[in-house]
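Right, one structure below, let's go through it.
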Amino acid sequence: MLVNGEIDAYITLDNFVGSDKMIPIAKIGSSDFYFAISKSRPDLLNEINNAMSKIQDENRFYDHDLFVKYIQNVGANLVLNNEEKAWLSDHANIRVGYLHNYLAYCATDENTGALTGALKDYLGRASGCFANGGSDL
């Protein structure tokens, strides 16, 4: 749907399927860091997953600590550049696709049609995270 222009954004908690037409713009969930593994070495996947589990067992704040150390105070992406502002002004409504009835993450209120769940909170936060841009949900 994203590639065909039926939706403008795709939000997922666990994966990103890369394409030259899809660009990740925000991280949601617990998978903040990724490893690429050669198709010829699938044996490495289990070793890396086991190592990451051990790191998380020893320090459950490992991801947060890395975020604070390397990302939080960098100040990157806090201000929209001219190209990004122009794109936003040309796209008055941005459509976001999500899985229906996937609570606690996202669902549609049957009575009002409104988005519910954590996705509503994430979108609310994302809509105001730039110093020189924002939107209404």
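The values are calculated or read from the model by the stated rules, or taken from the named source; none is laboratory data. Fair warning: this is a prediction, and the values are worked out from it, not measured in the lab.
Scan segment 49-93 residue by residue and report those that are at pLDDT 80 or above and among the small types (Gly, Ala, Ser).
Passing the criteria: 51, 53, 86, 89.
Step by step: first the residues of segment 105-137, then only those that are hydrophobic (A, V, I, L, M, F, W, C) and at pLDDT 90 or above, then the one that is farthest from residue 81 (Cα to Cα). Which residue is that?
Top of the filtered list is 107.
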